[in-house]
1. Quick check: Cα centre of region 12-84 to Cα centre of region 152-177, how many Å?
2. From the Cα gyration tensor of region 154-212, with a ≥ b ≥ c the square roots of its eigenvalues, which class applies: rounded if a/c is under 1.5, or else prolate if a/b is larger than b/c, or else oblate?
3. Please tell me the relative contact order of region 1-125 in percent, rounded to the nearest whole number, where contacts are Cα pairs under 8 Å and at least six residues apart.
4. State whether region 1-118 is rounded, prolate or oblate according to the following rule on the C-alpha gyration tensor (a ≥ b ≥ c being the square roots of its eigenvalues): a/c under 1.5 gives rounded; otherwise a/b larger than b/c gives prolate, and the remaining case gives oblate.
5. Using alpha-carbon pairs under 8 Å, 6+ residues apart, how would you state the relative contact order of the chain in percent?
6. Among (i) 0.96; (ii) 1.29; (iii) 1.19, find the value of Cα Rg over 2.2 N^0.38 Å that was calculated from the structure presented, and write down its label.
7. Can you list the HN-Hα couplings for region 81-94, worked out from phi with the Karplus curve (6.51, -1.76, 1.60; θ = phi - 60°), rounded to whole Hz and with x for Gly and Pro?
8. For the chain, give the magnitude of the charge dipole about the Cα centre (Cβ charges: +1 Lys/Arg, -1 Asp/Glu; no others), in debye to the nearest 20.
Amino acid sequence: LGDPEILTRIQQAEMAYRMQTSVPELMDTSSEPEHIFDLYGGNARKPGTYAANCLLARRLAERGVRFIQLYHRGWDHHGAIKDGMAKTAKLVDQGTAALIQDLKERDMLKDTLIIFGGEFGRTPWINKDAGRDHWPDCYSVLMAGGGIPRGFVLGKSDRHAAYPLYDPVGPWDIAATMYHLLGVDPHVHVRDRINRPFLLSPGQVIEDLVKG
């Protein structure tokens, strides 16, 4: 009795049980008012759409789920990017903006960190198939809530969006900033599942993003 390892596992099992038993009510969005479906967009009633998943993300956050990941599979425009980008952006933009607005109106945004990004950027030129291929040297990430200052842009690319012009930010710096905003020291040493020590993040907290 009183062993912290045992107590931790009991708490995890109890939380998992609460999460599983809440699923039927969580997934049933029929109780949401009409203006919420209008806010998230026309596909918000259709399960599996990005808009519907954004609405579910808010409902998960309301129930204390700590980490929620949403993604849209249609960004890989190696061909016909003009039409593909327009269609995908239309599906994603409204749901994302609605989620941010919905969380703010419920006074949850200040305690919720939203990160919108991808694996990498896109080439600053068009390929032979009228698309753009993978490009790791320059791309943008949007962050909202969790103490991030509003309307703030950090860094700038060159005129071709090929390379950072100034104030470049690397993935480890973003990770360190995320940990900091969530109240976790990014520079502590932790251990993985086989007890190997490693630094949580070797990056530096982006001070301009935590001033707010």
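1. With region 12-84 and region 152-177 each reduced to a Cα centre, they are spaced 29 Å.
2. oblate
3. On the way: 72 pairs, mean separation 26.0, N = 125.
It comes to 21 percent, rounded to a whole number.
4. Working: a/c = 2.35, a/b = 1.78, b/c = 1.32.
Prolate, because a/c is 1.5 or more and a/b exceeds b/c.
5. Numbers: 261 pairs, mean separation 27.2, N = 212.
RCO, the chain: 13 percent.
6. Working out Cα Rg over 2.2 N^0.38 Å from the coordinates points to (iii).
7. 5, 4, 6, x, 5, 4, 5, 5, 4, 4, 6, 8, 4, 5
8. On the way: 25 positive and 27 negative charges, 70 e Å.
The calculation lands at about 340 debye.
Any read-out appearing in this document is the output of simple, stated calculations on the displayed coordinates, not a laboratory observation. Bear in mind that the values here come from a model prediction, so they are computed numbers and not experimental data. No Cβ is skipped: glycine too gets one built from the backbone with ideal geometry, and neighbour counts run over all protein chains shown.
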